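Undergrad: Got a structure here, written out as structure tokens. Questions coming.
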Amino acid sequence: MAQDAVVMKFGGSCLRDSGGIKRLVSIVSGQKRCTIVVSAISGVTDSIESEITGRLSESGIESFIKQLTEKHIGLLREVCSGRTLEQYSKDVRKTVGKFGRILYGVYYTGELTQRMKALLMSYGERLSARVVAAALDASGRQARVFDSDTLPLLTAGSYENANGLLGPTRRIAFRKLNAAADRGMVPVVTGFFGVNRDGHVTLLGRNGTDYSASIIAYAMGARNLVIWKDVDGFLTADPSFVKGAKLIEELSYGEASELSYFGANVLHPKAVEPAEEGNTRIRILNIDNPSSTGTLVTSVRKKAVGIVKSVSCLENLAIVRVYVSGGGFQSGTLSYISGFLGRAGVNIISATTSQTCIAFLVLETELGIAVSSLRETVNRGVEKIETEKHVALMCVVGEGLGTTKGIAAKVFTAVSEGGINVGMMSAGASRAAYHFTVKMDVLNSAMNAVHSVFFGD
């Protein structure tokens with residue numbers, strides 16, 4: 001295994017302009033053996049999605065292709081020159097040309113399938129990888145672009161939110177990437193997408209480049225993965241709610257996974273699994289604040305003095321309460337009800353059960369679909385369905401939560417003293433976290449109350 005290799009991921013905010021790309025080059029130049037995984041240039045993925053899902057026209061497509069070309073050629077002119085500029089300008093134009101032909105095909109057929117959308121959405125990363133490779137070449141570090149579908153980074157699952165196949169990806173990518181690194185090259189890998197066994201491009205979910213990078217680190221047997229962003233790392237709370245939020249220096253895989261899933265938008269929730277499987281340490285650093293040590297995520301389970309390390313939240317949720325007579329004693333009730341939601345494509349964020357009621361937490365934007373999908377269950381095992389809007393989920397995270405007395409009492413005392421009612425509660429599913437719902441209009445007060453108990457004002 002190439003444990004001396006370092007994999008670095010650079011997000012779109014790091015690549016927002018030529019200055020960010022030059023900082024990337026400076027960082028990579030200090031690494032002897034480094035593979036990088038890149039997102040699209042900031043704003044490009046959103047613009048592609050807006051274009052392909054809007055009202056297409058020949059003139060509109062032509063204009064968009066011109067804008068996309070000019071944006072990336074413009075960046076190339078700022079980071080390289082001469083033969084390098086000529087070579088990569090040709091490559092960028094060729095890549096945009098492929099994108100354009102696919103988009104015209106969508107326009108002429110009038111069909112935008114999930115498979116076609118995934119393919120089109122992958123082009124932001126394809127273009128940024130070529131700009132970054134050009135900048136590295138211009139600096140004297142020879143780079144080689146690896147598109148994730150030809151590498152390949154193998155996946156399974158849906159076109160929009162696929163899962164990486166770790167073993168199969170390693171068997172092929174390990175050889176290719178390490179061979180390039182052995183020759184002194186810097187492999188530049190496209191993030192955000194992979195390819196299924198049928199050869200079709202699949203996306204790893206929005207902001208999925210963290211996940212891509214973690215899969216690549218696993219595939220290479222890398223000991224270290226550095227995630228470069230525009231934030232210092234994980235904090236004790238979302239600073240938009242709690243002004244006094246502090247940087248967390250170290251988290252376990254379990255803590256990072258819980259925080260990522262329950263609202264801390266620092267690391268993609270799926271990025272932890274490949275890292276944990278390969279025992280890869282994740283360091284999150286701020287490209288705009290190089291003096292910060294960031295947050296280290298490892299297998300080490302360290303308890304903080306007050307046990308709790310962070311308080312996170314998910315906003316704009318809704319509760320669907322499904323009342324079932326004697327549901328607690330009927331086998332298969334939960335799977336029967338949740339099956340309707342799953343087939344409708346509704347993401348169940350959390351669920352709690354009692355003798356007479358099963359409560360599901362879903363996105364408020366999916367509430368209508370959820371209720372509609374469950375209507376046929378009424379009078380077929382279900383008595384009634386009730387909903388509650390404008391809900392938020394708070395999550396308290398820390399190693400030892402499940403085995404330390406008095407933590408829950410502190411949390412709920414802080415909430416109750418603020419006159420805040422708690423809705424759904426869940427504890428025990430994870431030894432590092434438990435969570436509960438509050439109404440959206442008191443979320444700010446609840447976040448500050450709980451944070452104050454464990455971290456002070």
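The values are calculated or read from the model by the stated rules, or taken from the named source; none is laboratory data. In this text the structure is predicted, and so the values were computed from the model without any measurement. When we count neighbours, we look across all protein chains shown, and the Cβ atoms used for this are built from the backbone with ideal geometry, even at glycine.
Undergrad: Please go through segment 216-237 and pick out each residue that is charged (D, E, K, R) and buried (at least 19 other Cβ atoms within 10 Å of the Cβ).
TA: K229, D232
Undergrad: I want to confirm something. Restricting to segment 393-414 and keeping residues that are aliphatic (A, V, I, L, M) and under 23 Å from the mean Cα position of the chain (by Cα), which single residue is nearest to L363 (Cα to Cα)?
TA: Per the criteria, the residue is L393.
Conditions tested, residue by residue: (1) free of Cβ contacts under 8 Å to residues at least 60 places away in the same chain; (2) β-branched (V, I, T); (3) not in a loop (DSSP other than H, G, I, E, B).
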residue: K243; (1), (2), (3): yes, no, no
residue: L259; (1), (2), (3): no, no, yes
residue: I282; (1), (2), (3): no, yes, yes
residue: N289; (1), (2), (3): yes, no, no
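Undergrad: Considering only residues that are in a helix (DSSP H, G or I) and either among the small types (G, A, S) or over 26 Å from the mean Cα position of the chain (by Cα) (or both), which ones fall in segment 117-126?
TA: A118, G124
Undergrad: Would you confirm whether any residue within segment 19-35 is closer than 18 Å to M121 by Cα and not aliphatic (A, V, I, L, M)?
TA: Within segment 19-35, none of the residues are closer than 18 Å to M121 by Cα and not aliphatic (A, V, I, L, M).
Undergrad: Would a scan of segment 178-189 turn up a residue that is surrounded by 15 or more Cβ atoms within 10 Å (Cβ to Cβ), in contact with a strand residue (DSSP E or B) (Cβ under 8 Å, 6 or more places away or on another chain) and among the polar types (S, T, N, Q)?
TA: no
Undergrad: Just for strands (runs of 3 or more DSSP E) wholly inside segment 153-230: which have at least 1 residues that are over 20 Å from Y123 (Cβ atoms), touching a residue at least 12 places away in the same chain (Cβ under 8 Å) and under 14 Å from the mean Cα position of the chain (by Cα)?
TA: The qualifying strands (runs of 3 or more DSSP E) are 224-229.
Undergrad: Output the number of the condition that A213 fails; it satisfies all remaining conditions of (1) surrounded by 24 or more Cβ atoms within 10 Å (Cβ to Cβ); (2) touching a Ser or Thr at 6+ places or on another chain (Cβ under 8 Å); (3) closer than 29 Å to Y159 by Cα.
TA: (2)
Undergrad: Next question. Checking S252 against (1) touching a residue at least 60 places away in the same chain (Cβ under 8 Å); (2) under 27 Å from D46 (Cα atoms); (3) not aliphatic (A, V, I, L, M), which single condition isn't satisfied?
TA: (2)
Undergrad: In addition: Can you confirm whether A264 is of a type in the set (A, V, I, L, M), modelled with pLDDT under 90 and either closer than 27 Å to V415 by Cβ or part of a helix (DSSP H, G or I) (or both)?
TA: So A264 fits the description; yes.
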